[in-house]
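Inspection log for the structure reproduced underneath, given as C-alpha cells.
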Amino acid sequence: MLALIFNIQKLLHDGIIDTDGNPIKDETIQLSPKMPPMRTKDFAWKNIGDKTTEKILFHYYRQENNKSVKVAADKIICNTTYEHEPATLDFVPQIIPIGPLLATNSIAGNFWPEDFTCLNWLDQQETNSVIYVAFGSFTVFDHTQLQELALGLELSNRPFLLVIRPDINNGSENQSFLKEFEERVKNLGKVVQWAPQQKVLNHPSIACFISHCGWNSTMESTTRGVPFLCWPYFADQLFNQTLISDVWKVGLRLDPIAGGIVTREEIMCKIKALLQDEGFKVRAMELRTLVINNIKEGGRSSINLNNVVDWIKA
C-alpha cells in the first residue's frame, strides 16, 4: 500500500488513474515485475464508501506523498518483515522493515474491553479445532450478512469463537437474531464483543482465522502460524488477501456472490477445504519461523531497528 502511494505520480503519468484517483479502466498491474499483481479497482483509496470520500482520501495520500518527497525523509520504518514482502522492499528500499511489532501490554490498541472468558473457553477445546472469527475495528455487516456468517459457522459443525463488536450490527433485528443464535449454539461456539486477539491466536486450540485481513491481524496471525479465510473489506485489506492466498499460500478467499454477500454455503465449504488440506498449516508454520527469526538477536528486523536507533543517537 505504501509503495502504491509512493507511485501515485507514476500512475497518473502512465494513464492508470485520473487526477481524482479513479482507474481509467479495470485492469491488473504490477508496480514492479516481481511484485504481486494489483487490480486497479482495489487501490487503497477505493472501496471505502461514496465517491466524495474516495476523492478526499486520494488527495490526502497524494499530498502526504508530496510532503515526504519535499522533506526527503531519511528513514521510513514499517511494521513488516523482508520475508513477508521481499519484492516490495527491494522495489522501495527506503522502507525499512522492523516487524513484527506485537503489543506486550494487554490493553494496547484496544477499542473495547476484552472478554477474557473466551480464553477459559478455548482451554476446554481440542487442539487445532476452533474457528476464530474477527473483523477488526471498522467492518460493518447488515442483517443478511450477519445471518449468513452465523449460519455458515453453525453448518460447519466445528467449535468457533465469534467476535461481534458492539457497533458491527446496529439494529434490534440483529440483536434479536444474535441472542437466539447464541442460545442455539452454546454447546458449539462462543460469541464475545471483543477478544484479546494475540492471546487467542497463540492458543493451541485455534485452527484458522476468518479475518478482514487488516495488517495488524495479518502480522499477528502469520507470527502465530495460523491459516486464514480471507474476508477483506477495504483499503489495504484487499491486497493483503492477495499476499495471504496467492503469494504466501497460507489461506483461502471467501468469494461473495452478486450483491457482495458471502453465503453460508461458501463459509462452510471453505472452512472444510482449508482444514482438510494440511499444506496450509505447514506453510503457515514455515512462514512463522521465518518471521520470528527477524526479531531475534542478529535477525534482519532486529539489525534494522538497532541501526535506526544508532542513527538517531548519532
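Restricting the first member to the stretch 100-125 and to residues that are at positive phi and not assigned by TED's automatic domain parsing to the domain that holds Met219, and the second to residues that are at pLDDT 80 or above and assigned to a loop (DSSP other than H, G, I, E, B), no beta-carbon pair is closer than 9 Å while six or more apart or on different chains.
Listed conditions (1) without any contact (Cβ under 8 Å) to a residue 40 or more places away in the chain; (2) part of a helix (DSSP H, G or I) are all met by Ala87, apart from (1). Would you confirm whether or not the stretch 216-225 contains a residue that is in contact with a His (Cβ under 9 Å, 6 or more places away or on another chain) and among the polar types (S, T, N, Q)? So far as the stretch 216-225 goes, yes, one or more of its residues are in contact with a His (Cβ under 9 Å, 6 or more places away or on another chain) and among the polar types (S, T, N, Q). Just one of the listed residues (Leu229, Leu188) is in the same structural domain as Leu162 (by TED's automatic domain parsing), without any contact (Cβ under 8 Å) to a residue 40 or more places away in the chain and under 18 Å from Glu154 (Cα atoms), and it is Leu188. Of the residues screened, Ile56 is one that is at pLDDT 90 or above, in a helix (DSSP H, G or I), of a type in the set (Val, Ile, Thr) and more than 28 Å from Ile244 (Cβ to Cβ). Scanning the stretch 214-238 for residues that are touching a strand residue (DSSP E or B) at 6+ places or on another chain (Cβ under 6 Å) and either assigned to a helix (DSSP H, G or I) or under 11 Å from Asn47 (Cβ atoms) (or both) returns Ser217, Ser221.
Listed by first and then second residue, the pairs linking a residue in the stretch 17-42 that is over 19 Å from Ala87 (Cα atoms) to a residue that is among the hydrophobic types (A, V, I, L, M, F, W, C) and in a strand (DSSP E or B), with Cβ atoms under 6 Å apart and 6 or more places separating them unless they lie on different chains, are Pro23/Ile17.
For the stretch 246-287, a tally of residues being part of a helix (DSSP H, G or I), in contact (Cβ under 8 Å) with a residue 12 or more places away in the chain and surrounded by fewer than 18 Cβ atoms within 10 Å (Cβ to Cβ) returns 8. Could you look through the stretch 74-93, keep only residues that are of a type outside the set (S, T, N, Q) and within 16 Å of the chain's Cα centre (by Cα), and pick out the one that is surrounded by the fewest Cβ atoms within 10 Å (Cβ to Cβ)? Looking at residues that are of a type outside the set (S, T, N, Q) and within 16 Å of the chain's Cα centre (by Cα), I get Cys78. For the stretch 183-200, check the following and say yes or no: at least one residue is assigned to a helix (DSSP H, G or I) and small (Gly, Ala, Ser). So far as the stretch 183-200 goes, no, none of its residues is assigned to a helix (DSSP H, G or I) and small (Gly, Ala, Ser). For the stretch 166-182, a residue qualifies if it is in a helix (DSSP H, G or I), hydrophobic (A, V, I, L, M, F, W, C) and modelled with pLDDT under 90, and the qualifying residues are Phe177, Leu178. Within the stretch 288-314, the residues that satisfy the criterion of being surrounded by 11 or more Cβ atoms within 10 Å (Cβ to Cβ) and assigned to a loop (DSSP other than H, G, I, E, B) are Ile295, Gly299. Scanning the stretch 245-270 for residues that are within 27 Å of Thr289 (Cβ to Cβ) and in contact with a Gly (Cβ under 8 Å, 6 or more places away or on another chain) gives Ser245, Lys249. Do we find that Lys270 is in contact with a Pro (Cβ under 8 Å, 6 or more places away or on another chain) and either assigned by TED's automatic domain parsing to the domain that holds Val226 or at pLDDT 95 or above (or both) in this structure? So Lys270 does not fit the description; no. Among residues of the stretch 90-99 being at pLDDT below 95 and part of a loop (DSSP other than H, G, I, E, B), the one that is nearest to Met38 (Cα to Cα) is Val92. Residues in the stretch 249-285 that are of a type in the set (Asp, Glu) and within 19 Å of the chain's Cα centre (by Cα): 1 in all. Does Leu161 satisfy being within 20 Å of the chain's Cα centre (by Cα) and either assigned by TED's automatic domain parsing to the domain that holds Phe141 or on the phi > 0 side of the Ramachandran plot (or both)? Taking the combined requirement at face value, the residue satisfies it.
The values are calculated or read from the model by the stated rules, or taken from the named source; none is laboratory data. Please read all numbers here as calculations on a predicted model, not as lab measurements. As a convention, Cβ positions derive from the backbone with ideal geometry for all residues, glycine included, and neighbour counts pool all protein chains shown.
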